[in-house]
Structures are given as structure tokens and as C-alpha cells.
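A short write-up of the structure that comes next.
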Amino acid sequence: MKNKHVLVFVSAVWLSSTAQTLADALTSSPETSGPASTNNAAKATIDALPLSSSIRQLLTNQIFGPDTYNTALKNLLNPMLASGNIDFKTLAGIITNLNIKFEAFDTSTNGGKQGLGLQYSYQKSITQTELISKEENPLYLSFDFNANGNVAFNKDVNPANFLDTGFKLHLFQSIGGVEPLMPPLGAAYFSNAAFVSTNTSVNEIANRSNPKLEKFLDDVKAHIIDQFYWDVGTSFSLEANQTLAEKQWAAGLRLALVKRAWNDDSFFAKYNLFDYPFAALRYLSGADPTWKPSGQALPSLSGGIDLVGPYGDTTRLAVDHSTAPYPRLDGEVNFKSKVAKLMGKDVWFSASYRYYDEIDAPSSVREASLAKQEYFVATIGFASGFNFNYSNGKLPFDQKSNQVYALGYSIGF
Amino acid sequence: MQQIIANAMAAQLDKMFRFVVGASYANNGAPATAGAAPVTGATAIPAMSVVLANSTKTLTDLAEVVDGFYIFN
């Protein structure tokens with residue numbers, strides 16, 4: 001095991017011990033549910049087979065279940081990535097930044113149809129620089145490409161039919177987080193801290209019984225302060241439904257704010273009212289030995305103002321023929337907290353609320369309920385990657401509000 | 001939003017490595033190869049952020065990325 005790996009690990013353990021688990025604490029945005037429909041023709045074929053209902057159901061689940069597609073994708077791609085074949089290097093570079101989650105879902109509208117789909121997200125930092133090299137709190141400038149959205153195998157029942165693809169030029173800075181005048185503990189300290197395997201999944205860091213680990217956490221905690229992170233920039237993106245039949249461009253200014261109280265003794269940790277119910281659940285379920293709100297479960301905020309060009313938004317153009325750009329506000333609030341521990345694994349609750357509102361929209365657009373969209377999604381997630389989603393509302397291009405229940409499984413590369 | 005939160009944690013890890021562990025940027029902050037970007041937080045943070053935003057990644061994946069950007073003396 002490389003010494004560097006140990007250093008990375010112990011730092012990650014520190015983060016996880018206060019920030020709950022590493023990646024889960026990060027992935028606080030339960031992206032919109034990615035629904036889809038089963039293949040009706042294939043399903044009809046199965047239905048026509050002379051099978052008992054239980055066997056038919058089993059067969060249907062096997063063929064159309066999200067696990068089937070996850071397994072197939074893993075089996076297809078992992079040998080390519082492991083081969084070291086030069087031809088796959090580009091592919092590997094691309095999909096390393098790609099997250100895919102297959103989901104089976106059930107919509108309350110559309111006749112309560114079940115379906116299958118996938119949710120994807122991709123982000124690539126194309127170029128970046130340190131704009132102000134302040135030792136304590138550097139200011140960074142980055143130019144990114146990003147894409148995310150939901151694709152349903154049957155486009156007609158996709159209740160979150162919204163793809164967002166574009167570029168972003170943004171400034172970001174992390175202020176605080178670590179006591180700036182502290183002397184580093186040094187590599188010698190950490191060389192004795194090889195207490196656990198670095199093969200541990202970032203979702204599985206739960207070993208808190210090791211005395212070395214506990215001492216490390218205490219030593220580090222003394223030097224940890226609140227972190228405030230801001231990100232401001234400009235973006236240009238193409239928004240579309242999955243068939244690109246409806247599309248529009250959006251360009252504007254973005255702002256995101258993230259506050260994290262890494263030290264349990266912080267005011268924002270002790271008095272994080274948002275986490276009080278979840279702290280109670282953690283305590284009652286035995287996940288936490290004491291009632292302890294988390295300073296990492298603070299809501300994160302993002303928002304912006306865009307100029308939207310509805311050149312291909314046929315639904316809007318049907319009620320307002322103007323293709324002139326219009327201003328639109330949008331915002332998003334994210335929250336995530338650990339709620340329990342089941343069979344040694346953490347269980348997480350996350351929620352996200354998104355809001356879009358056209359400024360001074362024409363009356364025809366408002367009367368058609370196209371001026372404002374709200375979308376809420378809540379997720380119960382397990383460390384294994386399995387999750388259960390509930391979503392309500394609509395996104396741009398959705399013509400009606402949907403209530404969707406979804407079962408999903410995350411896959412990453 | 002998910003990527004922004006991952007970026008925030010990567011920025012915190014960067015400070016952890018430099019101010020707690022005492023690490024320095026690889027290659028004294030100079031580009032690793034001709035034409036490449038200098039090795040600073042500007043390159044290290046986005047690279048770590050990609051791993052941190054993916055809940056299926058392991059700490060070994062994170063360590064592999066960190067190895068390329070930091071020197072732990």
C-alpha cells in the first residue's frame with residue numbers, strides 16, 4: 001500500500017467522520033428521476049407466452065429490471081477499461097466523468113404506467129487556472145463542459161423530460177475549512193496511521209473503533225474550522241427534451257453557495273435545525289451513539305438568471321409566436337443527511353427543490369402554465385447504490401406535473 | 001449542483017493535504033509535461049472532484065488521482 005494512499009485515506013476518513021461518508025456526503029443532489037417505459041412489444045410477447053403469472057412476472061422483472069441493464073453495462077465496459085488497450089483510453093477518459101443511474105419507475109399520471117430509464121451526468125473541466133494565488137484561500141477560474149438529464153426508453157412517459165448540455169466559465173473559492181496558521185502534522189505522523197485498507201469503498205468508511213483512527217480524528221479536529229465555498233460564473237447551455245423536438249438555449253449568470261461546519265463543536269453544527277429530525281433518527285436507530293446534529297447537512301444553494309431563446313420550444317411557440325429571448329430566474333436547494341444504519345451500512349435521505357420562473361411572462365404563456373416550473377425530488381439511498389425516489393412537479397418542457405415513484409441503482413466508471 | 005458540492009469538498013481536501021498533512025504540489029507547481037497546465041489547486045481540485053462526485057468510486061481511485069498532484073514528504 002502506498003504511503004500516499006494512506007495519507008489520502010486518513011484525510012478522507014477525517015472528512016467522512018464529520019461529513020458522514022465521503023461520496024455520499026458529496027452527492028447531495030438527487031438528480032431528477034430518470035423514468036422510461038418498458039419495451040411494449042417485448043412485454044407483449046412475454047404476456048402472450050403460456051406461463052403462470054408468477055413466472056411471467058419473474059421473467060418480466062428479469063428482462064426489464066434496472067439491475068439487468070446495470071449488469072450488462074458493467075460487463076460490457078469493465079473489460080474494455082481493464083484491457084489497457086490504447087484504443088480504449090479515450091473512451092475511458094470520457095466515461096470516467098460519466099455517472100449513470102438506471103431506474104424503474106411508476107408515474108401517477110400517464111395512467112400509472114411503469115417504465116425504465118436512465119439518468120446521466122457528465123462534467124469535464126476543460127481548462128482552469130489559479131487566478132489569485134493566496135496561500136490560504138486561492139481563487140480559481142475554470143471552464144467546464146457539462147451534460148445531464150433523463151432518458152426514458154419510451155419517450156412518451158418520461159415525466160422529467162429535460163436534458164441540459166452546455167459550457168460554464170466560473171470563479172470559485174473555498175474560504176476557511178482549515179486553521180491557516182496550524183503547523184502541518186507531517187507525513188511521519190501519518191505513516192503510522194495505516195489502520196485500514198485503502199480499498200475500502202468511500203461509501204463504507206465506518207470503522208470508528210480503531211484507537212489510532214480516533215486519535216487522528218481528535219488531532220485533526222483541533223485545526224478544523226467552518227468552510228464557506230462560493231462559485232459564480234456564466235453559462236451557455238442547450239436545454240431540450242430527449243428527442244430534441246423541443247429545445248431552447250439559455251445563457252446567463254450563476255451563483256452557488258455551500259457552507260460546511262466540519263467541526264462538531266461549530267455553532268453551525270450544533271444549531272443546524274435542518275438536521276435535528278435526522279439526528280434524532282440516527283440516535284434512535286443506533287447509527288449515532290449520541291444525539292449529534294451534523295454541520296455538513298446544511299442546505300446548499302444555487303441559482304441564476306438566464307436569457308432563454310425559445311427558438312425550438314414548440315409548446316411555447318404555439319401560444320406565443322415570438323422567438324425573442326426572455327429572462328428567467330431559477331434556483332435550487334439541496335439537502336442531504338444520514339438517517340440510519342442498516343446491517344452496518346449507512347442509509348441517506350436527500351432532497352432537492354428546483355424552481356424556474358419566467359420574468360414578466362406574456363399572459364398567454366402564464367395562462368398555459370408555461371411560465372413557472374417547480375420540481376421536488378426526495379431520495380432514500382443505501383450504500384450499495386440502491387435507492388428509492390419520490391418526485392413531484394415538472395421541469396421546463398414538461399406540460400403537466402407528475403408524481404413519480406422510482407427504484408434505482410447507481411453505476412459509475 | 002452535485003458537482004459544485006464535490007468541488008467544495010475537493011477544495012477542502014486540497015487544504016487538508018497542504019495545511020494538515022504538509023503536502024506540496026507535484027513538480028513544484030510547474031507543468032508536469034511541456035504544454036500541460038501547472039500543477040496547482042486549479043488542476044488538482046477538478047480532478048479530485050470528478051472522483052468525489054461519483055459514489056461508486058473507492059478511496060484507491062481518489063488516491064490514484066492525488067498521487068499525480070501532490071508530494072507527501
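Tabulated values for the structure
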| item | result |
| --- | --- |
| Qualifying residue in the stretch A:301-318 (condition: surrounded by 16 or more Cβ atoms within 10 Å (Cβ to Cβ), hydroxyl-bearing (S, T, Y) and more than 14 Å from A:F397 (Cβ to Cβ)) | yes |
| Residue in the stretch B:58-72 that is nearest to the other protein chains (Cβ to nearest Cβ), counting only those that are surrounded by fewer than 19 Cβ atoms within 10 Å (Cβ to Cβ) and under 18 Å from B:T40 (Cβ atoms) | B:D67 |
| A:T314 being polar (S, T, N, Q), out of contact with any helix residue (DSSP H, G or I) (no Cβ under 8 Å at 6 or more places or on another chain) and more than 14 Å from chain B (Cβ to nearest Cβ) | yes |
| Unmet requirement for A:Y326, which otherwise passes all of (1) loosely packed, with under 15 Cβ neighbours inside 10 Å; (2) free of Cβ contacts under 8 Å to residues at least 40 places away in the same chain; (3) of a type outside the set (K, R) | (1) |
| Residues within the stretch A:273-290 that are out of contact with any strand residue (DSSP E or B) (no Cβ under 9 Å at 6 or more places or on another chain) and either among the basic types (K, R) or over 18 Å from A:V347 (Cβ atoms) (or both), tallied | 2 |
| Residue that is farthest from A:G115 (Cα to Cα), among those in the stretch A:136-164 that are of a type in the set (D, E) and touching a residue at least 40 places away in the same chain (Cβ under 8 Å) | A:E136 |
| Residues of the stretch A:215-241 that turn out to be more than 30 Å from A:P293 (Cβ to Cβ), out of contact with any Ser or Thr (no Cβ under 9 Å at 6 or more places or on another chain) and surrounded by fewer than 20 Cβ atoms within 10 Å (Cβ to Cβ), as a count | 3 |
| Extreme residue, farthest from B:K15 (Cα to Cα), among residues of the stretch A:215-272 that are hydroxyl-bearing (S, T, Y) and in contact with a helix residue (DSSP H, G or I) (Cβ under 9 Å, 6 or more places away or on another chain) | A:T243 |
| Every pair of residues 6+ apart whose Cβ atoms lie under 7 Å, when the first sits in the stretch A:269-293 and is free of Cβ contacts under 8 Å to residues at least 24 places away in the same chain and polar (S, T, N, Q) while the second is exposed (fewer than 14 other Cβ atoms within 10 Å of the Cβ) and in a helix (DSSP H, G or I) | none |
| Count - residues of the stretch A:132-150 that are at pLDDT 85 or above and over 19 Å from A:F167 (Cα atoms) | 3 |
| Sole residue being in contact with a helix residue (DSSP H, G or I) (Cβ under 7 Å, 6 or more places away or on another chain) and either surrounded by fewer than 16 Cβ atoms within 10 Å (Cβ to Cβ) or at pLDDT 90 or above (or both), chosen from A:F335, A:F376, A:F413, A:F386 | A:F335 |
| Residue that is away from every other protein chain (no Cβ under 14 Å) and either in a strand (DSSP E or B) or modelled with pLDDT under 90 (or both), where the choices are A:P289, A:P293 | A:P289 |
| Qualifying residue in the stretch A:359-370 (condition: in a strand (DSSP E or B), more than 13 Å from the chain's Cα centre (by Cα) and without any contact (Cβ under 8 Å) to a residue 40 or more places away in the chain) | no |
| Flag for B:M16 being modelled with pLDDT under 90, touching an Asp or Glu at 6+ places or on another chain (Cβ under 6 Å) and surrounded by 18 or more Cβ atoms within 10 Å (Cβ to Cβ) | no |
| Count - residues of the stretch A:156-180 that are touching a helix residue (DSSP H, G or I) at 6+ places or on another chain (Cβ under 6 Å), more than 29 Å from A:Y120 (Cβ to Cβ) and not small (G, A, S) | 1 |
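The values are calculated or read from the model by the stated rules, or taken from the named source; none is laboratory data. Source: prediction; values computed, not measured. Here the Cβ is made from the backbone with ideal geometry for all residues, glycine too, and neighbour counts use every protein chain on show.
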